[in-house]
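See structure below.
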Amino acid sequence: MALYADDTALLCESRRQHQAATYLQRAIDMLLPFLTRKHLHINAAKTQTMMFNRGSRLTNATEITVEGTPCRWLRALTYLGVTLDPGLHFHTHTRMTQEKATTASRQLYALISRRSPLFPEVKLLLFKTCIRPILTYAAPIITPYLSKTSWKVLQVFQNKIIKAAIGKG
């Protein structure tokens, strides 16, 4: 179980997908009485499930229910700002990170473009405070698992913004 503020993640492991789903259902069923005693409640409508698998194809898993409400099975989900995909390759997270950073750079374009009257040092400071945190969010966790392609996408984007900020692009 992973807890952060009001977010909870239950993790179950098995070599067989059906068995993992069975373990997950059992964990949910064991958790509900504990939460009831603590006067806490799971919002079944917001509960999502996902199967991670590094090898074979994912099959339709067993239905998981919370208090009789079936949970949706997802191909990707976001937990604490990190988008997880079935193979834990973080391709979706990389794409979404680039989209967020692109939005931030467009909002700052007038300040960080070559035509801006600001000094290059100030433009770099804007990059470091507004765009780089978007690019590096959860980096210590996901970097070891990023493919060379995903890593390059983020590097090229970062280099493009820095070159524009210092007038070399």
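The values are calculated or read from the model by the stated rules, or taken from the named source; none is laboratory data. Bear in mind the structure is a predicted one, so any value in this text is a computation, not a measurement. Note that each Cβ is placed from the backbone with ideal geometry, even for glycine, and that neighbours are counted across all protein chains shown. The protein model used for the area step is the full one, side chains on, heavy atoms only, and it has no ligands, DNA or RNA in it. Shrake-Rupley method; radii C 1.70, N 1.55, O 1.52, S 1.80 Å.
Exactly one residue among Phe52, Phe34 is aromatic (Phe, Trp, Tyr) and part of a loop (DSSP other than H, G, I, E, B), and that residue is Phe52. Can you find even one residue in the range 79-90 that is under 29 Å from Arg15 (Cβ atoms), open to solvent by 30 Å² or more (accessible area, probe 1.4 Å), part of a helix (DSSP H, G or I) and out of contact with any Pro (no Cβ under 8 Å at 6 or more places or on another chain)? For the range 79-90, residues under 29 Å from Arg15 (Cβ atoms), open to solvent by 30 Å² or more (accessible area, probe 1.4 Å), part of a helix (DSSP H, G or I) and out of contact with any Pro (no Cβ under 8 Å at 6 or more places or on another chain): absent. Ser116 meets all of the listed conditions (1) of a type in the set (S, T, N, Q); (2) surrounded by fewer than 14 Cβ atoms within 10 Å (Cβ to Cβ); (3) not in a helix (DSSP H, G or I) but one, namely (2).
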